[in-house]
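The values are calculated or read from the model by the stated rules, or taken from the named source; none is laboratory data. Small disclaimer: the values here were computed from a predicted structure and weren't measured. Glycine gets a Cβ as well: all are built from the backbone with ideal geometry, and neighbour counts include every protein chain shown. Remember, those area values only see protein heavy atoms, side chains included, never the ligands or the DNA or RNA. Shrake-Rupley method; radii C 1.70, N 1.55, O 1.52, S 1.80 Å.
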Amino acid sequence: MQPVCYIFVLKVNMSIAILPMSKEFNWNSATVGLIQSSFFWGYLLTQILGGIWADKIGGKLVLGFGVVWWSVATILTPIAAKIGLPFLLIMRAFMGIGEVGPALLGVAMPAMNNLLSKWIPVSERSRSLALVYSGMYLGSVTGLAFSPILIHKFGWPSVFYSFGSLGSIWFALWLRKAYSSPEEDPELSKEEKKLIMGGSISKEPVKVIPWRLILSKAPVWALIISHFCHNWGTFILLTWMPTYYNQVLKFNLTESGLLCVLPWLTMAAFANIGGWIADTLVSRGLSITAIMQSIGFLGPAFFLTQLSYVRTPAMAVLCMACSQ
């Protein structure tokens, strides 16, 4: 859970910092949109490679590399911004190469899925995945809550310097305490390893990926489409919610950051509730696809469409929270 939390702290810092940055550098809305989107240029490039690398050399090294990469790119972001817009776009794209999000982002999510597949029995994976992924939302809460305070006291570059420097501390602990699989952990007893690996089957990494066969399967395309829709909504909210609160609802910077945490707190709580429900349904032999996907898509669709009709900031914040 910790790496996902840290990663999303790094992700949300720009969504808050972009407000004072746009004033200082006189960026218009189109430029702000270009900067916000540049992160995803690099993010898109490493989706498949991250999974392949995790299978080949282990999730521990891949995830550790990702954190160091994001941290360095985050620290260099203010310097790049002051040099010029092209340098900032390149640095944000570099950060995206290693970054993460809810749907197999950069190198991190494939690495974490690789680790979960080896450490978590099948019967507990829904709730375990929900717990780990709720780190994304708690990371967003942390970044959105503390960024306005840092900006107010020390200026917007402090957001990137402070959060980026945390990566070195995390990386040192990660190298000492983390292992790619239960077999590699010397502190686990034989009984613990047997319990963990009881529901998992270790396989050699696939050397030749059958892309034609994979892409011919309807469930694969269903997953691709559902992830596309989910990420469209999630990242628009993550990237633009502080701007919406500031420019449309007229909250100040601190209010924007604090009120932005409510939807992510809601997501952290209900992700774990949803994981528990999914595991319960699976244990009873029921299909979770129709039930969980219907709630996950129709719920946000309803509440987000209500934003066009609400007239008070309180109702807008409530709709944002309920949509998640």
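Mind checking whether some residue in the stretch 160-170 is of a type in the set (A, V, I, L, M), more than 21 Å from R92 (Cβ to Cβ) and free of Cβ contacts under 8 Å to residues at least 24 places away in the same chain? Lay out the reasoning, then the answer.
Initial filter on the stretch 160-170 (of a type in the set (A, V, I, L, M)): 166, 169.
Now narrow it down to the ones that are more than 21 Å from R92 (Cβ to Cβ): 169.
In the following step, the residues that additionally are free of Cβ contacts under 8 Å to residues at least 24 places away in the same chain were identified as 169.
Yes, the conditions are met somewhere in the stretch 160-170.
If only one of K203, K207, K194 is at pLDDT below 80, of a type in the set (D, E, K, R), open to solvent by 70 Å² or more (accessible area, probe 1.4 Å) and in a helix (DSSP H, G or I), which one is it? Talk me through it step by step, then tell me what you get.
Details: K203 fails: in a helix (DSSP H, G or I); K207 fails: in a helix (DSSP H, G or I).
Within the list K203, K207, K194, the selection yields K194.
Taking the condition free of Cβ contacts under 8 Å to residues at least 12 places away in the same chain, within 30 Å of F146 (Cβ to Cβ) and exposed (fewer than 10 other Cβ atoms within 10 Å of the Cβ), does R212 pass?
Values: free of Cβ contacts under 8 Å to residues at least 12 places away in the same chain: yes; within 30 Å of F146 (Cβ to Cβ): no; exposed (fewer than 10 other Cβ atoms within 10 Å of the Cβ): yes.
Spelling it out, it is not the case that R212 is free of Cβ contacts under 8 Å to residues at least 12 places away in the same chain, within 30 Å of F146 (Cβ to Cβ) and exposed (fewer than 10 other Cβ atoms within 10 Å of the Cβ).
Given the structure, is T46 modelled with pLDDT under 80, of a type in the set (S, T, Y) and either surrounded by 24 or more Cβ atoms within 10 Å (Cβ to Cβ) or out of contact with any Lys or Arg (no Cβ under 6 Å at 6 or more places or on another chain) (or both)?
Numbers: modelled with pLDDT under 80: yes; of a type in the set (S, T, Y): yes; either surrounded by 24 or more Cβ atoms within 10 Å (Cβ to Cβ) or out of contact with any Lys or Arg (no Cβ under 6 Å at 6 or more places or on another chain) (or both): yes.
Against the criterion (modelled with pLDDT under 80, of a type in the set (S, T, Y) and either surrounded by 24 or more Cβ atoms within 10 Å (Cβ to Cβ) or out of contact with any Lys or Arg (no Cβ under 6 Å at 6 or more places or on another chain) (or both)), T46 qualifies.
For residues in the stretch 284-305 being modelled with pLDDT under 80 and among the small types (G, A, S), which is surrounded by the fewest Cβ atoms within 10 Å (Cβ to Cβ)?
Only one residue fits best here, namely G285.
Considering the stretch 253-283 alone, what residues qualify as being within 19 Å of R125 (Cβ to Cβ), among the small types (G, A, S) and surrounded by 14 or more Cβ atoms within 10 Å (Cβ to Cβ)?
A268, A271, G274, G275, A278
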